[in-house]
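To keep things clear, I will list the structure first and then write my remarks on it.
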Amino acid sequence: MSDFPSLGLAEPLLAALRVAGHRVPTPIQAQAIPAILAGRDVQGIAQTGTGKTASFVLPILHRLLEDARRPDPYACHALVLAPTRELAGQIGETMRALGRQTRLRTAVVVGGVPKNKQAKALAGGVDMVVATPGRLLDHLAGGALRLDGTTILVLDEADHMLDLGFVDDVRRIASLLPRDRQTLLFSATMPPDIAALARHLLRDPVPVSAGPVATPAARIDQRVVFLDTREKPSLLIELLRRGRMERTLVFTRTRQGADALVASLDAAGIRGSALHGDKSQGQRDRTLAEFRAGLFPVLVATDVAARGLDIDGLTHVVNFELPEVAEAYVHRVGRTARAGARGIAITFCAPSERLSLRAIEKLLGTRLKAYEGRQAAG
C-alpha cells in the first residue's frame, strides 16, 4: 500500500492528512491501520518516531465516523491509556488535528489540573478519552465516567506503564470495559510482564512492528564523552555557548538535579527551564509551549520527557546523567531526529556510570563513539 487513500480511510481524514503534508504511511501505519479497520486486536512493537500514534488514531477516527452514534452522557466510545501527562496531551492533539474535519470530540484526562473542568467535559459524553490511569480511576470512582459502552481500548507505551507501576491499574480499568471490545497494545519493548498483560487482554492479536526493538533511529549521531561528575556542568555550558546547539533537551535523573542544573545555566547567562513531576500540569504545558516556540534554547528534564514529546527542530539531546534503565536511553535520544531530520545525542559518562553505559551499548548492539568534550556538539 503506497498511500493513505489505498488504506480505505474516510475522506475527512485524508483531507486532514493532506493539510498536515502526510502523503505516504509509515511502515507501522501500513501494517496497523488495515488490521484495526478490520476490527482485529493489535499487538504492536514500535520504536519512537515511527508514526505509531497516527497508526491507531486514524483507524479509530474512521471507525467512529462509520458508527455515527452519539456517545451517552458520562461515556466514551474509545479510551486511550498513556503513562504520562505529556504523552496523553500529545495523543489528544493528534486526535484533534486528524479529526479536525469531523465532529468527533476528544477529552484529555490527566493529573495536575482541576478535576471539575474535566468532569464537565465528560458529562455530555465524548467520542474519545485519552487518560493517565490514576486520574481516570479518580473520575470512574466519582461517577464522572463509565466504561460499559466503550468498545475500543488502546494501551500506549505499555512498557513505560510497567516501569511506573500502572499495570494493576490498567488491569482494573480494562475489567470495566465490555468483553467484546477491540484492544490495541503498543510498546517499545516486550518484557515478560507486558507479554503476560497482552495475553490477558488481547484476543488473537495481529502482530505489527517497526524497526528493531529498542533501537534509536539511524539518523541520530550518538556520542559519548568520558569525564568526572564535577566537570559536567562546565562542559555543558561550554558546548551551549559555542552556538551549535540550537534547541537542546538535557536529561537528568532527578527533579532536584534538573532544577539545580537550570540554576547553573542561568548563572552562566544561558536561559533554560526545567520539566519534571513536581511542576503542575499548567506549568509543564507552558514550559513546553515556550520551548517549542524557541523562547529559550535549553530544556532540562527528567524521564517524564523521554516519551511522547514531539518537538520540531530539536537538534541535540544530552544525557547529563545516564538513565537507570537502559531502554530509557532509547526513548531519550529518540526525541531528536524526528520527521526525517537528523540529530545528535551526547552522553556525559562519569566513572561511576560505566556499567550503565555498558548496559546501553549491549542493548544497542554497538559501542558509542567517544569524543573529546569540545567536539561533542558537532
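Rule-based calculations on the coordinates, nothing more; no lab input. Quantities reported herein were computed from a predicted structural model and do not represent experimental measurements. No Cβ is skipped: glycine too gets one built from the backbone with ideal geometry, and neighbour counts run over all protein chains shown.
Neighbours of HIS331, meaning other residues whose beta-carbon lies under 11 angstrom from its beta-carbon, give a summed charge of -2 when Lys and Arg score +1 and Asp and Glu score -1.
Compute the Cα gyration tensor for the chain, then decide on rounded, prolate or oblate, letting a ≥ b ≥ c be the square roots of its eigenvalues: rounded whenever a/c is under 1.5, prolate when a/b is larger than b/c in the other cases, and oblate in all that remain. Taking the square roots of the gyration eigenvalues as a ≥ b ≥ c, the chain is prolate. Here the calculated FRET efficiency for ASP312 and GLU11, from their Cβ-Cβ distance with R0 = 25 Å, stands at 0.35, rounded to the nearest 0.05.
Ordered by the number of other Cβ atoms lying within 10 Å of each residue's own Cβ, fewest first, SER209, SER356 fall into the sequence SER209, SER356. How many angstrom lie between the C-alpha centres of region 1-35 and region 267-296? Cα centroid to Cα centroid, the span is 34 Å.
With 10 angstrom as the radius, rank LYS120, LYS232 by how many other C-beta atoms surround their C-beta, starting from the fewest.
LYS120, LYS232
Largest GNM mean-square fluctuation across GLY365, GLY92, GLY313, computed for the chain with C-alpha springs under 10 Å, falls on GLY365.
Count the net charge of all other residues whose Cβ sits under 15 Å from the Cβ of ILE36, scoring Lys and Arg as +1 and Asp and Glu as -1.
Values: positive: ARG40, LYS52, ARG63, ARG181, ARG203; negative: ASP41, GLU66, ASP67, ASP156, ASP204.
Summing Lys/Arg as +1 and Asp/Glu as -1 gives 0.
Can you tally the net charge around ALA88? Count Lys and Arg as +1, Asp and Glu as -1, for every other residue whose Cβ sits under 12 Å from the Cβ of ALA88. Overall, the nearby charge balance is -1. For region 217-366, what class follows from the C-alpha gyration tensor (a ≥ b ≥ c being the square roots of its eigenvalues): rounded when a/c is under 1.5, otherwise prolate if a/b is larger than b/c, else oblate? Judged from the Cα gyration tensor, region 217-366 comes out rounded (a/c under 1.5). Result for the chain in a Gaussian network model with C-alpha springs under 10 Å: among ASP156, ASP285, ASP127, the largest mean-square fluctuation is at ASP285. Overall, region 240-378 carries a charge dipole of about 380 debye about its Cα centre when +1 sits on the Cβ of Lys and Arg and -1 on the Cβ of Asp and Glu, all other atoms neutral.
Can you show me the helix-derived [θ] at 222 nm for the chain, built from DSSP H runs with n ≥ 4 at -39,500 (n - 2.57) apiece and divided by the number of residues, rounded to the nearest 500.
On the way: 14 runs with 148 residues, N = 378.
Result for the chain: -11500 deg cm²/dmol, rounded to the nearest 500.
Scanning residues 5 or more positions from ALA301 or on other chains, those with amide H under 5 Å from its amide H are VAL250, PHE251, THR252, LEU275, with H placed 1.01 Å from N in the peptide plane. Separation of region 319-367 and region 54-71, taken as the distance between their Cα centroids, equals 37 angstrom. Between ASP259 and SER2, the simple label model (points 7 Å from Cα in the Cβ direction) yields a spacing of 5.7 nm.
Modelled spin-label separation between ASP228 and VAL19, with each label point placed 7 Å from Cα along the Cα-to-Cβ direction: 5.7 nm. Given DSSP loops and a limit of at most 16 other Cβ atoms within 10 Å, what is the longest stretch of the chain that contains no such GluC sites (Glu not before Pro)? Longest site-free region, per DSSP loop and neighbour criteria: 1-245.
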